Amino acid sequence: MTSLFDRIASLFSSKPKLKPAELQAAFRSHYKEFRSLLTANNNALELMAEMEQALSVGKSFGMAFIRGNCTALSVNIYKMIQHLNRLADGRYAGLDQPFRAITRQLEQIIASRPATTEGAAILSMAEVDAGMVDQVGEKMANLGEVRNRVGLRTPDGFVMTAVAVRHFTQVNDLQVEINRRLKGLDLDNLEELYTVSAGIQGLISNAPLPEDLEEAILAHYQQLATDAESELLVALRSSAIGEDSSNVSFAGQYRTQLNVSREFVGQAYKEIVAGKYKSQAIVYRQQRGFRHQDVHMCVGCLRMVDAAISGVLYSRAPDDPRSSFVMIQAAPGLAGNVVDGSAATEQLRVSRTVPYDILDRQFGAGREGGGGASLLRLSAAQAAELAEVGVRLEEHFGAPQDIEWSIDQAGLLYILQSRPLGRPVPGEPPVLIAHSPAADELSDLPAPLFAGGVCVSRGVGCGPVFMVRSSLDLLRFPKGAVLVVETPYPDWASLLDRAAAVISETGQVAAHLATVAREFGVPAIFGMKQALTALENHHLVTVDATAGKVYGGRVEPLLALAPPKPNLMAGSPVYKILREAMEYITPLNLTDPTSPFFRSDSCQTLHDLTRFCHEKAVVEMFNFGERYGFDDKAAKQLVVDAPSQWWVIDLDDGFRQDFDPESRYVDLGHIVSVPMLAIWQGMTAFPWAGPPPVSLRGFGSIIFQSTRNTNLDPAVRSSLVAKNYFLISKNFCNLSVRLGYHFALVEANLGEFLTENYVSFQFKGGAADENRRLLRIRLISDILNEFGFRVEQKADAMTARIEKNTSLFLQERLKILGYLIIHTRQIDMVMGDEGMVAQYQQKIMADLHTLLQTGEGGMT
Amino acid sequence: MAEFSVLVIDDEQEFVSTLVRRLCKRGWASEGVLTGGEAIRKIAAGNFAVALLDMRLPDMDGSEVLREIMKISPQTRVVILTGHASASEGEEGIRNGAFDYLIKPVEFETLLEKLQAARKRSP
């Protein structure tokens, strides 16, 4: 900052002189710009912090949040640039260019859309594979992969692609109306949510299919029905594009229609398309950061399998990616019975290696009771076939899989779906069965109300019981309640963002509701038989799902164990957009104001612009005196008992109101500048011991002999000093000091906002040789570091800063600076002597601690 | 009139005709009407086991229709099926004798289950 020092050093030389009133007006207008800039700076930093927090904390946000924050941020930075240019008479016009470049990038990111989909409206399953996600959606792309690349049996069928749904939506001009209805939707208002959802779904379901699309669908349907079947029945399954990029399964969020005949294929298609706006899907997308317009509902139309037995196959235990067994849930009939949680199921664990032995099997009661399950046992051969399929699919897709399957009356195995198994919570031990080692170690736990069931989602939650038996109960569910149900229907999923925990009398780990509970991090116990009868609405309970226990009241030690909620947003499209945007927002490249690259055209991010504007604004305030010289009448000589050699210039409101502006002197008692008084306290707290005894090696001892002077009068030799001026307002002080051979500058602003508060200190020069001057700088740096200053050193010049702290804290720092200005005079002369250095350092630290402890104990 | 028949009362023609056809296909003799007035006439004339009642009708309020039905045909189970979710309206409906309260859209299979349950309880 040499040039700055030079400027400051020449501060009082040959400037056009302003009258006191003009000077004050100029200062006021500059100060106003400066403060406005600091306020904008403050806002910008807060907005950035909020956006960073959104990325790390996992609160849910949508595009509105990103768009809103980016706009607010840009506005604040635009303001900073404006204020800076007004402070500096337009000398930073160069900031316009990087500002425009950065905001243009941000606009592009915010407006970005996924690649548009092209191609056929309908594709046969025979031609689909995993590479076609953008045409047929995740579910059908994976199923095509299973069929055509892995070579496993899947039902014949076809897919209505993204092109089809776009055609349907555009012909009926649906999107504008849908967006209108969703705009401003309050997710916390369940009645509104369900009403809007029903309205949008009705809108879609009742819109006519374009004729060409309907004909194409029926033609493909006809091709499936080659045999002499009386009537071909198909299943229509949703396969959304854009739902699955972050292990998000949208489990059960969308619709599936089974046993659909020719007559209703078109209608069923529209209803599944409409299912994109099921209430829980709207909530889910919002929670996880998906934009509605990025999700395209493709629909698979598959021949119904005449299922004898169906179920779910996990290639690993759902919460342990290292388990050495596959897990199979099986039930008679269709697979839907397992995933909607209603059927009695058989659960098997089967070894992942040949010959795929069954490790164990157990029965879980369904809604209709457990009796029927024992009639239908999966054979060892079927279990082995499933285990092998699980391992194969996991190998093929490179991750544990969650597979839906059916075995038909002829004993043929069909794969209906294969998707990545929901990601386990990181760091969790591989336990599925109720057991909680951490909770076991807790003593003094009350006796649980009851225990049992299966933990389907770990964790501990507390809230009032609320039983949901009907859609009506659904609407009345209070936020933060413990959801208690008989059957874990997928429909209850829309409550999971507001439930503290879930208890279900029936169901098991494969139920959709369990999957969603795991994703939302909501603790859940299923198969807890007596729940509905044993509990009462509104009673406060603590649910330890991990241990399978329910306690009355609030059990703090258990709640303390609860793991943090997962970051639902991570990896979602909106999250990605924010993360991309943040690359143009938060990275700070301009860290070093002394670097030659600290220039407007080096600004690459909004943070750079913020930093640059702030730094330059402070410099411009420093330059105030240089650019607007003042006539001598503005400077009042400070009187402390007697006139001193310190001069004070009031820039605004630094003097008491009763001060006589015509007076040549100002009494210390008339000064109300908070930072100046703090500095003064530090300067005068201890008498100066005078220059140190200089050794023979000390250079220029003669000069320093003549400076032996115990008062604060710096004007020892007129040839060596300039007058020392305080420029003050109530909250502001700029002090430039030339004492002996060194030059020091203190500036402080102690305002109402933490972010506009700063103390800055610059120090340069000395009379001794460079080495000893550097040693002195190091000594001062060490001391300032100790008191929380950020110190930068370049050659024998030093800058120390401390910012964004309370006025009281900064006043203490100003006292320290006041002390150092006085007491480090000329100690450069002794810096060659280690013993002396240590001695000085000790003395200084002792004094400073006394100074800070005594607080008001200055000698003024 | 079939013994286990359903009357679909809803002002959306497309919805009514699709649902009636689907129900018939699954063995539920069904009919549809688009207004509350028609619904009351049908109920008075026929023997419906279940009425699926929308709460927003062009000529009458759904709760009014519900009270009328309960008066003239107390054996008919009324299942409210509405797109306008309202807890208070639902509570009032249940208080006035409705058998169940469903929010649109309902999966067809779920609806069949509900009809089954309503029929079982039909006196």
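The values are calculated or read from the model by the stated rules, or taken from the named source; none is laboratory data. In this text, all values refer to a predicted model and were calculated from it rather than measured experimentally. Cβ: placed from backbone, ideal geometry, glycine included. Neighbour counts: every protein chain shown.
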Q: Out of the residues in the stretch A:173-195 that are touching a residue at least 40 places away in the same chain (Cβ under 8 Å) and at the interface with another protein chain (Cβ under 9 Å from one of its Cβ atoms), state the one that is surrounded by the most Cβ atoms within 10 Å (Cβ to Cβ).
A: A:TYR194
Q.
Quick check on A:VAL468: is it at pLDDT 90 or above, more than 26 Å from A:VAL326 (Cβ to Cβ) and within 14 Å of another protein chain (Cβ to nearest Cβ)?
A. yes
Q: Scan the stretch A:197-214 for residues that are more than 9 Å from every other protein chain (Cβ to nearest Cβ) and in a helix (DSSP H, G or I) and report the count.
A: 7
**Q.** Every residue from the stretch A:531-548 that is surrounded by 14 or more Cβ atoms within 10 Å (Cβ to Cβ) and polar (S, T, N, Q)
**A.** A:THR542, A:THR546
(Q) Here are the criteria: (1) within 14 Å of chain A (Cβ to nearest Cβ); (2) assigned to a strand (DSSP E or B); (3) closer than 30 Å to A:ARG262 by Cβ. Tell me which single one B:GLU109 does not satisfy. (A) (2)
Q. For the stretch A:486-494, does any single residue satisfy the condition of being away from every other protein chain (no Cβ under 14 Å), in contact with a Pro (Cβ under 7 Å, 6 or more places away or on another chain) and at pLDDT 85 or above?
A. no
Q.
Checking A:LEU386 against (1) assigned to a helix (DSSP H, G or I); (2) at pLDDT 90 or above; (3) loosely packed, with under 14 Cβ neighbours inside 10 Å: exactly one of these is not met. Which one?
A. (3)
Q: State all residues of the stretch A:251-266 that are more than 8 Å from chain B (Cβ to nearest Cβ) and modelled with pLDDT of 90 or more; if no residue qualifies, say none.
A: A:VAL260, A:ARG262, A:VAL265, A:GLY266
Q. Among (1) part of a strand (DSSP E or B); (2) among the aliphatic types (A, V, I, L, M); (3) within 36 Å of the chain's Cα centre (by Cα), where does A:VAL133 come up short?
A. (1)
Q | B:VAL16 vs. criteria part of a helix (DSSP H, G or I), under 23 Å from A:GLY202 (Cβ atoms), in contact with an Asp or Glu (Cβ under 9 Å, 6 or more places away or on another chain) and within 14 Å of chain A (Cβ to nearest Cβ) | A | yes
Q: Consider B:LYS120 carefully, then state whether it is basic (Lys, Arg) and farther than 25 Å from B:THR18 by Cβ.
A: yes
Q: Answer yes or no: is there a residue in the stretch B:115-123 that is in contact with a strand residue (DSSP E or B) (Cβ under 8 Å, 6 or more places away or on another chain), within 14 Å of another protein chain (Cβ to nearest Cβ), within 28 Å of A:THR487 (Cβ to Cβ) and in a loop (DSSP other than H, G, I, E, B).
A: no
(Q) Can you tell me how many residues within the stretch B:84-106 are over 21 Å from A:GLN201 (Cα atoms), within 11 Å of chain A (Cβ to nearest Cβ) and polar (S, T, N, Q)? (A) 1
Q.
Testing B:LEU81 on (1) in contact (Cβ under 8 Å) with a residue 40 or more places away in the chain; (2) of a type outside the set (D, E, K, R); (3) more than 23 Å from A:GLN201 (Cα to Cα); (4) within 14 Å of chain A (Cβ to nearest Cβ), one condition comes back false. Which one is that?
A. (3)
